[in-house]
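S.K.: Would you mind keeping the following structure in view while I ask a few things?
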Amino acid sequence: MLPVPHTAIIVVAAGSGTRLDAGAPKAFVGIDTHSILRHALDGVFAAAPAQVIVVAPAGFEGDAEAELRAAAGDRVELGRVVTGGDTRQSSVAAGLAALWGDVRTVLVHDAARALTAPATIDAVAAAVDEQTGVIPTLPVIDTLKKIDGDDIVGPVDRSELAAAMTPQGFPRALLEDAYATALASGVEYTDDAALFAAAGHPVRRIDGSPRGFKITTPADLERARHLLATAPGSTAEPRPSAAALSASSPSTSLPRVGLGTDVHAFGGEGTLWLAGLEWPGEQPLSGHSDGDAVAHAIVDALLGAAGLGDIGEHFGTAHTEYAGAHADVFLARTREILAEAGFAIGNVSVQFQGNRPRFSARRAEAQQALSTALGGAAVSVTATTTDGLGFAGRGEGIAVTAVALVVPA
């Protein structure tokens with residue numbers, strides 16, 4: 001008999017999945033050999049023990065029960081399936097009605113965020129207190145604009161914004177009261193944090209992970225399939241992933257060196273971003289993200305050193321969430337990828353070739369910004385010109401070369 005937990009996780013799987021257009025409720029669409037719901041439950045049951053309530057669409061309760069039992073293993077007694085309602089709020093309310101009496105903290109999690117890491121689930125649960133709700137978020141990386149019809153009205157300061165994710169965690173008593181108020185008023189909220197805040201309760205954020213993205217469109221589903229197929233130990237493809245090869249190599253115990261290069265032409269919109277810094281008044285570089293060739297070369301050098309592919313595989317145009325992203329986003333995620341494969345960053349040396357910007361006055365600032373994004377790893381940045389030779393010498397763009405050292409963690 002397992003101890004009765006004080007935390008419950010309501011996994012909302014009652015959505016129709018209209019935008020996914022896969023011929024079945026979203027949670028029961030397959031990613032690989034398993035459904036979206038099964039992958040979500042694998043993450044939930046890999047986290048700290050909790051009561052797990054799956055809210056299923058009417059008519060799919062049996063399918064949800066089978067997925068729950070397959071994921072739960074020896075924790076099956078902690079799981080239960082209930083039938084959802086016509087709206088997300090009514091579905092969560094059905095989950096709340098099934099809570100055990102000992103539960104004090106409630107996490108509400110979208111099954112569509114199927115690849116959410118157990119560590120994120122545990123971090124949210126740990127951060128909830130008696131008065132405060134907690135949500136994981138990611139920085140907004142796209143350039144945002146206010147619009148009026150087809151006209152651009154002005155910019156939006158994305159430093160004040162964050163993308164909300166799940167699971168969202170709350171103290172049980174306050175969440176139940178907030179739901180009772182919302183259901184009585186008939187007001188529909190976009191997520192549980194908004195509902196909780198509307199009742200007058202504080203909500204704070206913690207860092208989320210990009211792997212917790214929501215599977216909404218066919219492109220999202222393909223992204224999830226790609227991530228699972230290239231994960232260490234995956235059996236989805238006969239060819240082992242780069243991460244699996246890296247982990248099994250007999251030389252894994254030795255330091256590794258990687259080389260990265262990147263080239264961007266001038267001609268983008270906005271201002272120049274280079275070496276993790278904004279350069280007002282300088283001509284910007286073009287690119288899928290912010291065109292920061294220094295950061296991109298570092299990413300390739302680090303991934304190459306660890307045998308984990310390249311920047312196109314992890315951050316290319318298929319990953320629209322990185323459009324407009326700056327160096328801190330790319331480098332922090334690269335550090336996570338290396339850590340997941342068992343590597344730590346030793347140091348990075350990078351040089352860019354170009355006539356502008358004049359770099360020496362901001363060298364220390366750039367090195368600090370890049371080092372911070374890489375978790376404190378030593379970063380050295382140098383700049384040179386080419387005596388007027390080549391595209392860099394003609395002022396058409398910037399070329400960068402980076403060398404990185406990684407070591408087994």
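The values are calculated or read from the model by the stated rules, or taken from the named source; none is laboratory data. Quick caveat, the model's predicted, so the values are computed rather than measured. Here the Cβ positions follow ideal geometry from the backbone for every residue, glycine too, while neighbour counts run over all protein chains shown.
S.K.: Among the numbered conditions (1) modelled with pLDDT of 90 or more; (2) surrounded by 24 or more Cβ atoms within 10 Å (Cβ to Cβ); (3) farther than 26 Å from A163 by Cα, tell me where L308 comes up short.
M.R.: The failed condition is (1).
Yes/no per residue for (1) surrounded by 15 or more Cβ atoms within 10 Å (Cβ to Cβ); (2) touching a strand residue (DSSP E or B) at 6+ places or on another chain (Cβ under 9 Å):
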residue	(1), (2)
P167	yes, yes
T181	no, no
S185	no, no
E188	no, no
D192	yes, yes
P202	no, yes
D207	no, yes
T216	yes, no
E222	no, no
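S.K.: I want to confirm something. Restricting to segment 261-290 and keeping residues that are among the charged types (D, E, K, R) and surrounded by fewer than 18 Cβ atoms within 10 Å (Cβ to Cβ), which single residue is nearest to R356 (Cα to Cα)?
M.R.: E282
S.K.: Here's another thing I want to ask about it. With respect to the numbered conditions (1) surrounded by fewer than 20 Cβ atoms within 10 Å (Cβ to Cβ); (2) farther than 24 Å from L389 by Cα, which one is the sole condition not fulfilled by T334?
M.R.: (1)
S.K.: Look through T190, T216, T166 and report the one residue that is in a loop (DSSP other than H, G, I, E, B) and touching a His at 6+ places or on another chain (Cβ under 6 Å).
M.R.: T166
S.K.: Looking at the structure I just gave you, is E77 loosely packed, with under 14 Cβ neighbours inside 10 Å, over 30 Å from F330 (Cα atoms) and touching a residue at least 60 places away in the same chain (Cβ under 8 Å)? Give the steps one after another, and end with the answer.
M.R.: On the way: loosely packed, with under 14 Cβ neighbours inside 10 Å: yes; over 30 Å from F330 (Cα atoms): yes; touching a residue at least 60 places away in the same chain (Cβ under 8 Å): yes.
Yes; evaluated as a whole, the condition is true for this residue.
S.K.: Sort out which residues of segment 103-119 are outside any helix (DSSP H, G or I) and not small (G, A, S), and write them in order of number.
M.R.: Result: V103, R104, T105, V106, L107, V108, H109, D110, R113, L115, T116.
S.K.: With A58, A97, A71 as the choices, which residue is in contact (Cβ under 8 Å) with a residue 12 or more places away in the chain and within 28 Å of the chain's Cα centre (by Cα)? Before you say what the answer is, go through the steps one by one.
M.R.: On the way: A58 fails: within 28 Å of the chain's Cα centre (by Cα); A97 fails: within 28 Å of the chain's Cα centre (by Cα).
Of A58, A97, A71, the one residue that is in contact (Cβ under 8 Å) with a residue 12 or more places away in the chain and within 28 Å of the chain's Cα centre (by Cα) is A71.
S.K.: Would you say D142 is closer than 29 Å to E222 by Cβ and at pLDDT 95 or above?
M.R.: It is false that D142 is closer than 29 Å to E222 by Cβ and at pLDDT 95 or above.
S.K.: Working carefully through the options R69, R104, R88, find the one that is surrounded by fewer than 17 Cβ atoms within 10 Å (Cβ to Cβ), in contact with a strand residue (DSSP E or B) (Cβ under 9 Å, 6 or more places away or on another chain) and under 24 Å from G212 (Cα atoms).
M.R.: Working: R104 fails: under 24 Å from G212 (Cα atoms); R88 fails: surrounded by fewer than 17 Cβ atoms within 10 Å (Cβ to Cβ).
When all the criteria are applied, what remains is R69.
S.K.: Name the pairs whose Cβ atoms lie under 8 Å apart, with the first residue in segment 256-272 and under 23 Å from V407 (Cα atoms), the second among the hydroxyl-bearing types (S, T, Y) and assigned to a strand (DSSP E or B), and 6 or more positions between them or separate chains?
M.R.: L259/T401; G260/T401; T261/T401
Residue-wise test of (1) over 23 Å from R104 (Cα atoms); (2) touching a residue at least 40 places away in the same chain (Cβ under 8 Å).
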| residue | (1), (2) |
| --- | --- |
| D151 | yes, no |
| Q168 | no, yes |
| L175 | no, yes |
| A180 | no, no |
| T190 | yes, no |
| A199 | no, no |
| R205 | no, yes |
| G212 | yes, yes |
| T216 | yes, yes |
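S.K.: Right, another one. Going by the conditions given, is G85 without any contact (Cβ under 8 Å) to a residue 24 or more places away in the chain and not in a helix (DSSP H, G or I)?
M.R.: So G85 does not fit the description; no.
S.K.: Give G260, G233, G208 a once-over and let me know the one that is at pLDDT 90 or above and farther than 24 Å from R363 by Cα.
M.R.: Selected residue: G208, the only one of G260, G233, G208 that is at pLDDT 90 or above and farther than 24 Å from R363 by Cα.
S.K.: If you don't mind, another one. Take the conditions more than 20 Å from R225 (Cβ to Cβ) and either part of a strand (DSSP E or B) or at pLDDT 95 or above (or both) and apply them to V55. Does it pass? Break it down into steps so the answer makes sense when it comes.
M.R.: Working: more than 20 Å from R225 (Cβ to Cβ): yes; either part of a strand (DSSP E or B) or at pLDDT 95 or above (or both): yes.
Yes, satisfied.
S.K.: Evaluate segment 22-29: report whether one residue or more is charged (D, E, K, R), crowded, with 24+ Cβ neighbours inside 10 Å and closer than 20 Å to P167 by Cα. Show your work before the answer.
M.R.: Pass one, segment 22-29, residues charged (D, E, K, R): 26.
From what's left, crowded, with 24+ Cβ neighbours inside 10 Å: 26.
This time we only want the ones that are closer than 20 Å to P167 by Cα, so: 26.
Checked against the condition, which is being charged (D, E, K, R), crowded, with 24+ Cβ neighbours inside 10 Å and closer than 20 Å to P167 by Cα, segment 22-29 yields at least one hit.
S.K.: So if I check each of A97, A93, A125, which one is closer than 21 Å to V11 by Cβ, exposed (fewer than 14 other Cβ atoms within 10 Å of the Cβ) and at pLDDT 95 or above?
M.R.: The match here is A97.
S.K.: Please go through (1) modelled with pLDDT under 90; (2) among the small types (G, A, S); (3) closer than 25 Å to S209 by Cβ for A373 and return the number of the only condition it doesn't satisfy.
M.R.: For A373, the exception is condition (1).
S.K.: A further question on this structure: Would you call I135 in a strand (DSSP E or B) and either closer than 24 Å to R333 by Cβ or not basic (K, R) (or both)?
M.R.: So I135 passes the test.
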